[in-house]
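To start, the structure under review is shown below, and the notes come after it.
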Amino acid sequence: VTGIRFDLARRTPSGEARLLLDSTQAANAFLVSLSAAGDLSYIRGSTRRMLSLLGSRGEELTTLGEANTYVVPAWSPDGRRLAYTAAVPGASTPGIWIYDPKAGTTARLATRAAASRAAWSPDGKRIAFIISGVAEQPVGVIPADGSSAESLLIAPPPKSSIREVEFTPDGKSLVITTNATNQSKRDIALVALNGAGSQTMPLVATPADERQPAVSPDGRWLPYMSAESGRDRIHVRPRKGP
């Protein structure tokens, strides 16, 4: 957050801009307010959010619990349950929670490792997730009903980390984003799951940052976000073929 004096009579800035708060003091510039007297108020640290459910016309149906660090909500294929990532009380790492709107219940999936970015299998019986407690961030999988512990589903390619994960509609593959060690640029790949292990095939790999992949319900199309043009845009390409 920077500030500069402004000459109202001349309607021009006067003097040089100066740093008021750095990123260790304020979360971002949208959480800062300057009074007419020159006093600055700001919110320190991370922002706690509310998780709300909206109807098809945009009306709010319910708000889930208290403020928390909610991220990446994902509906089950039958639309009856909502998985999301949020803080775990007494822990410094996040976990995955399941909310049942009809029953009004919330329960945490008891993963042994830190977990984030839940992705439902097409039959709704399993949840894949990023194991976020380690640098490589592999993908784990756990029964959606929590009946057994998680297991490793796929490891990242050499010298890279997995950032996002999504099942294909047939449940036979995963779409993931990866980035090389010490780099922020992500690429999109397809991981074929089989009894003998997994096989990774690049889908989108350019000098730009590709992220937030999804797969159309028929499995034919891959929408994703890219800043290849210089600004964020949604791109769509066939999942198979050029």
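The values are calculated or read from the model by the stated rules, or taken from the named source; none is laboratory data. As the structure is a prediction and not an experimental result, all values here were calculated from the model. No Cβ is skipped: glycine too gets one built from the backbone with ideal geometry, and neighbour counts run over all protein chains shown. Only protein heavy atoms, including side chains, enter the accessible area calculation; ligands, DNA and RNA are left aside. Shrake-Rupley method; radii C 1.70, N 1.55, O 1.52, S 1.80 Å.
Mind giving me the FRET efficiency for Arg112 and Asp232? R0 is 45 Å, r the Cβ-Cβ distance, nearest 0.05 is fine. Working from the Cβ atoms, E equals 0.80. Probing with 1.4 Å while keeping every protein chain in the model, the per residue accessible area of the chain equals 61 Å². What relative contact order, as a whole-number percentage, does the stretch 57-104 give when Cα pairs under 8 Å and 6 or more residues apart are counted? Taking the mean separation of contacting Cα pairs over the length of the stretch 57-104, I get 27 percent. Positive contributions from Lys and Arg (+1) and negative ones from Asp and Glu (-1), summed over other residues with Cβ under 9 Å from the Cβ of Pro101, come out at +2.
Within the listed set Glu210, Glu16, Glu164, the residue fluctuating most in the Gaussian network model of the chain (springs between alpha-carbon atoms under 10 angstrom) is Glu16.
Extension gain for Lys159 to Glu66 (0.36 nm times residue separation, less C-alpha to C-alpha distance): 29.6 nm.
Summing charges over neighbours of Ala205, with a neighbour being any other residue whose Cβ is under 13 Å away from its Cβ, gives 0 when K and R count +1 and D and E count -1.
At a Förster radius of 35 Å, what calculated FRET efficiency corresponds to the Cβ-Cβ distance of Asp100 and Thr181, to the nearest 0.05?
Numbers: r = 39 Å, r/R0 = 1.12.
The formula returns an efficiency of 0.35 here.
Enter the Cα centre distance for the pair the stretch 122-176 and the stretch 190-242, rounded to the nearest angstrom. Going from one Cα centre to the other spans 16 Å. Largest first, the residues Leu54, Leu203 sort by 1.4 Å accessible area into Leu54, Leu203.
Projected onto their three principal axes, the Cα atoms of the stretch 123-208 cover extents of 41, 28, 22 Å, largest first. Once both labels are positioned 7 Å from their Cα atoms along Cα-to-Cβ, the gap between Arg80 and Lys172 label points is 2.8 nm. Normalised by the number of residues in the chain, the mean separation of alpha-carbon contacts (under 8 Å, six or more apart) gives a relative contact order of 8 percent.
What relative contact order, as a whole-number percentage, does the stretch 128-190 give when Cα pairs under 8 Å and 6 or more residues apart are counted?
Working: 118 pairs, mean separation 14.9, N = 63.
Reported as a whole number, the value is 24 percent.
Approximating the spin labels as points 7 Å out from Cα along Cα→Cβ, the Met50-to-Asp145 distance works out to 3.5 nm. Kirkwood hydrodynamic radius computed over the stretch 202-242 comes to 10.6 Å, based on all pairs of distinct alpha carbons. The tail of the calculated P(r) for the chain beyond 30 Å holds 39 percent of all Cα-Cα pairs.
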